[in-house]
Amino acid sequence: MVAAGVLLVLAGFVGFFWLGGQEWYVRGAALAIGVVAGVAVGLLSAPGKGFIAFAKDSYKEVRKVVWPTRKEATQTTLVVFAFVLIMAIFLWLSDKSIEWMIFSVILGWK
């Protein structure tokens, strides 16, 4: 049944290009009819029904999520930015220290 849905979508695309000499709305209608029919047939198949059940269950789970308040989200964002800044400074200092050790101390370059 999924194959029939795919064939209907392909038929819509073929109809769109086959009707190249027609007006844009005729070509668009052929495409839309093919895509809508293909999606409908696909959703009525066993995998399509499984997808619909999965989508419904996912929606129920998302509704159970406790989202952070604006204050909590702002605080978390600031903590992340502060951590990134501290790590950037640490890595820069580490890089410059290693550069100094290699080029000035070991190799003797100035």
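So Ala55 clears everything in (1) of a type in the set (A, V, I, L, M); (2) touching a Gly at 6+ places or on another chain (Cβ under 9 Å); (3) surrounded by fewer than 12 Cβ atoms within 10 Å (Cβ to Cβ) except one condition, right? Which one?
(2) is the only condition that Ala55 fails.
Sort out which residues of the range 1-44 are buried (at least 16 other Cβ atoms within 10 Å of the Cβ) and in contact (Cβ under 8 Å) with a residue 40 or more places away in the chain, and write them in order of number.
Selection gives Gly5, Val41, Gly42.
Restricting to helices (runs of 4 or more DSSP H) lying wholly in the chain: which have 3 or more residues that are among the basic types (Lys, Arg)?
Details: elements: 2-18, 24-44, 46-64, 70-100.
Output list reads 46-64, 70-100.
Which of the residues that make up the range 30-73 are of a type in the set (Val, Ile, Thr) and under 15 Å from Gly5 (Cα atoms)?
Residues satisfying the conditions are Ile33, Val35, Val36, Val39, Val41.
Among Ala73, Ala46, Ala32, which is the only one that is small (Gly, Ala, Ser), modelled with pLDDT of 95 or more and closer than 28 Å to Ala11 by Cα?
Details: Ala73 fails: closer than 28 Å to Ala11 by Cα; Ala46 fails: modelled with pLDDT of 95 or more.
The match here is Ala32.
Taking the condition modelled with pLDDT of 95 or more, within 23 Å of Leu8 (Cα to Cα) and either among the aliphatic types (A, V, I, L, M) or surrounded by 10 or more Cβ atoms within 10 Å (Cβ to Cβ) (or both), does Val79 pass? It would help to see each step written out before you state the result.
Values: modelled with pLDDT of 95 or more: yes; within 23 Å of Leu8 (Cα to Cα): no; either among the aliphatic types (A, V, I, L, M) or surrounded by 10 or more Cβ atoms within 10 Å (Cβ to Cβ) (or both): yes.
No, not satisfied.
Give just the number: which of (1) at pLDDT below 95; (2) under 24 Å from the mean Cα position of the chain (by Cα); (3) small (Gly, Ala, Ser) does Ala53 not satisfy?
(1)
The values are calculated or read from the model by the stated rules, or taken from the named source; none is laboratory data. Quantities reported herein were computed from a predicted structural model and do not represent experimental measurements. Glycine gets a Cβ as well: all are built from the backbone with ideal geometry, and neighbour counts include every protein chain shown.
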